[in-house]
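See below for the structure under consideration.
No value in this document is a laboratory result; all are computed from the given coordinates. Quick caveat: nothing in here was measured; it's all calculated off a predicted structure. As a convention, Cβ positions derive from the backbone with ideal geometry for all residues, glycine included, and neighbour counts pool all protein chains shown.
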Amino acid sequence: MVKDGGVAEHGSFTVKDYHDPPPAPLIDAAELTKWSFYRAIIAEFIATLLFLYITVLTVIGYKSQTDTNAGHGGDQCGGVGVLGIAWAFGGMIFVLVYCTAGISGGHINPAVTFGLFLARKVSMIRAIMYMVAQCLGAICGVGLVKAFQKAYYKKYGGGANELADGYSTGVGLSAEIIGTFVLVYTVFSATDPKRSARDSHVPVLAPLPIGFAVFMVHLATIPITGTGINPARSFGAAVIYNQEKAWDDQWIFWVGPFIGAAIAAFYHQFILRAGAVKALGSFRSSYHV
């Protein structure tokens with residue numbers, strides 16, 4: 001039996017100094033009997049609610065402050081700007097992942113949950129329940145925004161994701177795929193037990209690179225799609241806003257992130273990590289019987 005190993009300085013293989021957790025069972029009915037399972041679902045619901053509440057309020061507030069046609073007079077250079085909106089999304093992910101990582105893993109995004117499910121990090125039951133909780137949390141979070149900012153909510157688009165004028169569907173879909181790939185790849189890398197073992201002298205706070213990934217992707221794709229990369233975020237805003245354009249473009253914000261997450265899971269697990277090493281070991285052993 002060939003052990004997983006790292007490449008030494010002169011090309012020799014050494015026994016790995018880290019341990020991967022065993023793959024999660026595809027269906028784990030025992031989870032349904034544990035309070036920790038329901039506690040994790042509640043954590044995902046509340047975290048996504050808070051995420052949408054803060055970020056959508058930021059988007060609407062910015063549009064209100066920069067509206068030159070408003071009665072109070074607007075300043076096109078005022079408000080937090082696109083940079084501030086990106087910071088709101090990235091900063092909230094940093095805060096919420098830090099707060100919930102020890103309880104639910106801090107997914108706060110169906111695409112992240114889907115990618116981790118494909119990598120066998122969570123069971124199918126947990127993945128489905130997380131996605132439901134995230135979508136419900138997003139709806140409630142945007143609902144609170146509408147309740148508190150009813151005068152501005154509809155006027156400034158409800159924070160809903162839509163494909164911007166001048167961009168084709170293919171461009172929007174590609175932006176969501178690539179943006180989600182960046183996010184989910186960062187999640188895998190930041191939580192990789194191999195990194196913790198090899199780079200233990202360089203402390204890595206996992207929520208920080210994840211939050212920065214969200215921040216950077218928003219800077220790049222806000223002008224194209226408003227930046228989804230989180231189906232719950234797009235779905236929650238569309239449900240409360242409930243306008244035709246938001247629903248017509250909704251599929252982009254599900255298909256794109258799920259494809260991006262799947263590519264990231266495959267790339268990390270089978271190209272960069274043990275999957276490729278095991279496949280290579282099997283290939284070699286078949287020729288050295």
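Distance between the 7 Å Cα→Cβ label points at Leu208 and Ile103: 2.4 nm.
Cβ-Cβ distance of Lys154 and Met216, R₀ of 30 Å, FRET efficiency by 1/(1 + (r/R0)^6): the value works out to about 0.45.
Each 10 Å bin from zero up to the one holding the largest Cα-Cα distance in the range 86-126 carries the following percent of pairs: 29, 49, 20, 1. A cut-off under 10 angstrom between Cβ atoms defines the neighbours of Gln243, and their net charge, with Lys, Arg +1 and Asp, Glu -1, is -1.
Could the peptides 59-65, 34-40 be put in order, highest first, of the mean number of other beta-carbon atoms found within 10 Å of their residues? Before the final figure, lay out each step's value.
Numbers: 59-65: 19.3, 34-40: 13.4.
My ranking of the peptides, most packed first, is 59-65, 34-40.
The calculated FRET efficiency for Ile271 paired with Ala164, based on their beta-carbon distance and R0 = 51 Å, is about 0.95. Note that the range 152-168 has calculated 3J(HN,Hα) couplings of 9, 4, 5, 4, 10, x, x, x, 6, 7, 9, 5, 5, 4, x, 10, 7 Hz, one per residue in order, obtained from phi through the Karplus relation 6.51 cos²θ - 1.76 cosθ + 1.60 (θ = phi - 60°); glycine and proline are x.
Applying 1/(1 + (r/R0)^6) with R0 = 22 Å to the Cβ-Cβ distance of Val95 and Arg39 gives a FRET efficiency near 0.70.
Using per-residue counts of other Cβ atoms within 10 Å, averaged over each peptide, order 156-163, 139-146 from highest down.
Details: 156-163: 23.1, 139-146: 21.0.
Sorting 156-163, 139-146 by mean packing, highest first, produces 156-163, 139-146.
Overall form of the range 96-150: prolate. Here a/c, set by the Cα gyration tensor axes a ≥ b ≥ c, is 1.5 or more, and a/b is the larger of a/b and b/c.
Taking square-rooted eigenvalues a ≥ b ≥ c of the alpha carbon gyration tensor, is the range 87-219 rounded, prolate or oblate, where a/c under 1.5 means rounded and, failing that, a/b exceeding b/c means prolate? Since a/c reaches 1.5 and a/b is larger than b/c, the shape of the range 87-219 is classed as prolate.
Report the net charge of residues surrounding Leu136, where surrounding means a beta-carbon distance below 14 angstrom and charges are Lys +1, Arg +1, Asp -1, Glu -1. Mind showing how you got there, number by number?
On the way: positive: Arg233; negative: Glu44.
In short, 0.
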